[in-house]
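As structure tokens, the structure follows; a few thoughts come after it.
Any read-out appearing in this document is the output of simple, stated calculations on the displayed coordinates, not a laboratory observation. Quantities reported herein were computed from a predicted structural model and do not represent experimental measurements. With ideal geometry, Cβ positions are generated from the backbone for all residues, glycine too; neighbour counts draw on all protein chains shown.
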Amino acid sequence: GKGEFDHYMLKEIHEQPVAVANALEGRLGSDQVLIEAFGPQARQLLGKTRQIHLVACGTSYHAGMVARYWIEALAGVPCQVEIASEYRYRDVVAPPGTLLLTLSQSGETADTLAALRHARKRQGENYAGTLSICNVPGSSLVRESDLSLMTHAGPEIGVASTKAFTTQLTSLMLVALALRQLRGGDQGLTARLVHRLRYLPTLLGDTLQLDAEIAELAQRFVDYRHTLFLGRGAQMPIALEGALKLKEISYIHAEAYPAGELKHGPLALIDGNMPVVALAPMDELIDKLKSNLQEVRARGGQLVVFADPESRLEQEEGMRVVRVPGCCRFLAPIVYSLPLQLLAYHVAVARETDVDQPRNLAKSVTVE
Ligand code: M6R
């Protein structure tokens, strides 16, 4: 049941520290990832991987978009990410050594399964193999993939995916590090990230302390009709995910853009009735992001910025700053997912929608 929580979604948001700890359980050595723990064929399959096609739908697709940044930066493996309903009908060219990596909470999403089958049939000889990252053991996707990494999030009841997403991200970080190890990248960084992964559940617990502050902040969104989310780099897919959460449960129209795209069109939307939610972790793009935020402020946009304590963003007229616990730039996408989930949740509650069962949606999309 929901226990002390009003909705399954809120319960599942708060389960994330434990869910992520479960996703890591047994998979970390003292300063590296235990590749054998992924399964007996994992070392061989990842060892012959030359590039990756990541295929998924919805929230799982956003996890794949984050993973592309990690896999390219940490392992130097070329990576492309695609929505399954597109991949399955395209004349995909898979160069020899392509790993098809499908992501799905349920393992029963029709388009994702069809993409897997299409790839095998069409260019079977060029695929190094198929790996799925999935939350449901024994699902069709798991049965039909060469190798599966289970996310161990536990059952997710709310239609809006939360803990399934952050455990997918955690699992994808393990895959990125495993690829780095196999390709002989500098192991100092690997060791540091392994240590930070161990601390991630605690960090997520600290981040959930923002719940009350975000609940209060959410009240100002209730009467808005639109919201724009901005992020750069690996936070750009988190902005997309924040927009998806808001639209699917609160029914407020939301869009997300890479902050650098503002000037190329969406800036025209900004006025005093357009709230803009921005993600501002401490990374090499922070100064560029700040100048994007100035562009929004100069046009009267109402900014809410989720920021690292070190990013030196000060609250001012038209800009509300919410401090997110400091974290390393690689794990920041996982951490920053939580405040956006909480924001969508509290806006939806304030608008009295059916949070766990949003209109027109199903938990598992088993038809095309
Ligand atoms: O079970 P899957 O991860 O394959 O589901 C894919 C999407 O239908 C799913 O992520 C959907 O976008 C979420 N419920 C949105 O919160």
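Observations
- Sequence-ordered 3J(HN,Hα) estimates for the range 40-46 from the Karplus curve with 6.51, -1.76 and 1.60 and θ = phi - 60° stand at x, 8, 4, 4, 5, 5, 5 Hz, glycine and proline given as x.
- Taking amide H atoms as placed 1.01 Å from N in the peptide plane, the amide H of Asp308 lies under 5 Å from those of Ala280, Met282, Val324, each 5 or more residues away in sequence or on another chain.
- For the pair the range 339-364 and the range 1-37, the centres of their Cα atoms are 22 angstrom apart.
- Charge sum, other residues only, whose C-beta stays under 10 Å from Glu144's C-beta, Lys/Arg counted +1 and Asp/Glu -1: +2
- Fraction in percent of alpha-carbon pairs per bin - 5 Å, the range 85-213: 2, 10, 16, 18, 18, 15, 11, 7, 3, 1, 0
- Amide N proximity, the range 284-305 versus Glu255 label position 7 Å along Cα-to-Cβ, cut-off under 16 Å: 296, 301-302
- Here the gap between Gln219 and Asn126, fully extended at 0.36 nm per residue and compared with their Cα-Cα distance, gives a gain of 28.2 nm.
- Summing charges over neighbours of Leu338, with a neighbour being any other residue whose Cβ is under 12 Å away from its Cβ, gives -3 when K and R count +1 and D and E count -1.
- Cβ-derived FRET efficiency at R0 35 Å, Leu269 paired with Arg198, nearest 0.05: 0.25
- The lysines within cross-link reach of Lys363, meaning a Cα-to-Cα straight distance under 27 Å and a gap of 8 or more places when in the same chain, are Lys2, Lys11, Lys163, Lys245, Lys247.
- Helical contribution to [θ] at 222 nm, DSSP H n ≥ 4, -39,500 (n - 2.57), averaged over the chain, rounded to 500: -13000 deg cm²/dmol
- Phi-derived couplings, Karplus 6.51 cos²θ - 1.76 cosθ + 1.60 at θ = phi - 60°, listed residue by residue for the range 256-265: 10, 9, x, 3, x, 8, 3, 5, 8, x Hz, with x used for Gly and Pro.
- Among 73-82, 146-155, the order from most to least packed when residues are scored by Cβ within 10 Å on average: 146-155, 73-82
- Ranked by how many other beta carbons lie within 10 Å on average, peptides 96-108, 200-212, 345-357 from highest: 96-108, 345-357, 200-212
- Normalised contact order of the chain, rounded percent, pairs of Cα under 8 Å and 6 or more residues apart: 20
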